[in-house]
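A short write-up of the structure that comes next.
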Amino acid sequence: MKRQLVGELIAETIAVFIIIAFGDSVAGMYSLYTPSPYQGAYWGVCIAWGLAVTIAIYATGSVSGTHANPAVTLALALYRKFEWVKVIPYCIAQVVGGILGASLVYALYSPVIDHFNEAAHLTRAAGGAAGVFFTHPGLAITPMHAFSDQIILTAFLIFGIFAITETYNEMAPGANSGALMIGLLVALIGASMGYLEAWAINPARDFGPRLFCFMTGWGNSAFPSPENYWWVPIVGPLIGGVIGGGVYQYLVRPYLPARVRALSGESKYS
């Protein structure tokens, strides 16, 4: 394996580790304490997840581009010439990052998790405190409805990422502010649609912590989970990423004035 690829895979692992370390920790703050420090302030949870994404991008973007999400990796391979040979290694590294991030959150919060479950007369096997680590359907949401939700939410995410990072988009954020805008995009999706099923929008974000929990006492409540839900936050985001990337690539990008000028050899000031 080439040295550069090794560095990229390490960077992807670290990126998802950062996202889960902060994101699942804020989920713990939100769900394990009574009263919750975020009671009536759910926007703070969304901002924390978004800032975790921003920090991950600033930390690792120069090495791997910080996909930090198999849906992003797949969309970039389909539409932006990312090397197909790297797709599976990137996805594996991202899942490993999710497992490692969940392990850190567990190390921090395990006494609080046990206290929460004891006070609520819950067990890990019954899903007690599982929401700290992985997603599940919210109020009145069935797995199949969640599947369609994940497609739509991830389509918004990838569409936004493509717009923010598009070279020919003259309205894209300048300098190094793209990372902040992507973080705010994640926060926006969570603030507006997150209660549906906790806005996974990232197979590694859900599957990595879910695997960790499967091995640390949550068992069937983590995998395959009630109503066999485990596949929804994997397949839904992958499909949504393809759709969102395609919408931007074929319905917006061809009409960007800077791209049209570049293809015709015209200057902006000619």
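The values are calculated or read from the model by the stated rules, or taken from the named source; none is laboratory data. Remember, predicted model here, so these are calculated numbers, not experimental data. No Cβ is skipped: glycine too gets one built from the backbone with ideal geometry, and neighbour counts run over all protein chains shown. The area values use the complete protein model at the heavy-atom level, side chains included, leaving out ligands, DNA and RNA. Shrake-Rupley method; radii C 1.70, N 1.55, O 1.52, S 1.80 Å.
Criterion applied to A204, A200 was being modelled with pLDDT of 95 or more, closer than 30 Å to N117 by Cα and not in a helix (DSSP H, G or I), and the one residue passing it is A200. When segment 67-103 is filtered for residues that are surrounded by 18 or more Cβ atoms within 10 Å (Cβ to Cβ) and among the aromatic types (F, W, Y), the ones remaining, listed by number, are Y79, F82, Y90. V112 fulfils the conditions (1) over 16 Å from the mean Cα position of the chain (by Cα); (2) closer than 24 Å to M193 by Cβ; (3) among the hydrophobic types (A, V, I, L, M, F, W, C) except for a single criterion, (2). Whenever a residue of segment 213-228 is under 11 Å from G127 (Cα atoms), its partners that are open to solvent by 30 Å² or more (accessible area, probe 1.4 Å) and assigned to a helix (DSSP H, G or I), lying with C-beta atoms within less than 8 angstrom and at least six residues away or across chains, give the pairs A222/L211; A222/F214; A222/W230; F223/L211; F223/F214; F223/W230. Contact map, segment 123-151: residues that are at positive phi paired with residues that are among the hydroxyl-bearing types (S, T, Y), Cβ distance under 9 Å, separation 6+ or inter-chain. Pairs shown: G127/S221; G127/S225; A129/S31; A129/Y109. The residues listed here are T60, T73, T54; of these, the one that is part of a helix (DSSP H, G or I) and in contact with a Cys (Cβ under 7 Å, 6 or more places away or on another chain) is T73. Report whether or not F159 is over 19 Å from F207 (Cα atoms) and in contact with a Gly (Cβ under 9 Å, 6 or more places away or on another chain). It is true that F159 is over 19 Å from F207 (Cα atoms) and in contact with a Gly (Cβ under 9 Å, 6 or more places away or on another chain).
Matching residues to (1) under 28 Å from I158 (Cβ atoms); (2) in contact with a Cys (Cβ under 7 Å, 6 or more places away or on another chain); (3) free of Cβ contacts under 8 Å to residues at least 12 places away in the same chain:
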| position | (1), (2), (3) |
| --- | --- |
| V85 | yes, no, yes |
| C91 | yes, no, no |
| Q94 | yes, no, no |
| G98 | yes, no, no |
| G101 | yes, no, no |
| Y106 | no, no, no |
| V112 | no, no, no |
| E118 | no, no, yes |
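The set of residues from segment 213-263 being assigned to a helix (DSSP H, G or I), among the polar types (S, T, N, Q) and surrounded by 19 or more Cβ atoms within 10 Å (Cβ to Cβ) comprises just one member, S221.
One line per residue, one yes/no per condition, for (1) of a type outside the set (D, E, K, R); (2) modelled with pLDDT of 95 or more; (3) under 19 Å from I243 (Cβ atoms):
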| residue | (1), (2), (3) |
| --- | --- |
| A41 | yes, no, no |
| C46 | yes, yes, no |
| G50 | yes, yes, no |
| A59 | yes, yes, no |
| S64 | yes, yes, no |
| P70 | yes, yes, yes |
| T73 | yes, yes, yes |
| R80 | no, yes, yes |
| V87 | yes, yes, yes |
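Sort out for me the helices (runs of 4 or more DSSP H) sitting completely within segment 84-195 that have 1 or more residues that are in contact with a Ser or Thr (Cβ under 6 Å, 6 or more places away or on another chain) and under 24 Å from I14 (Cβ atoms). Result: 87-119, 178-193.
When segment 113-146 is filtered for residues that are of a type in the set (A, V, I, L, M, F, W, C), surrounded by fewer than 19 Cβ atoms within 10 Å (Cβ to Cβ) and under 17 Å from I189 (Cβ atoms), only I141 remains. For segment 174-202, what are the residues that are surrounded by fewer than 16 Cβ atoms within 10 Å (Cβ to Cβ) and within 19 Å of A258 (Cα to Cα)? Hits for segment 174-202 are G174, A175. Within segment 22-34, the set of residues being buried (at least 20 other Cβ atoms within 10 Å of the Cβ) and touching a residue at least 60 places away in the same chain (Cβ under 8 Å) comprises G23, D24, A27, G28. If you filter segment 40-66 down to residues that are open to solvent by 50 Å² or more (accessible area, probe 1.4 Å), among the small types (G, A, S) and on the phi < 0 side of the Ramachandran plot, you find that the one that is farthest from the chain's Cα centre (by Cα) is S62.
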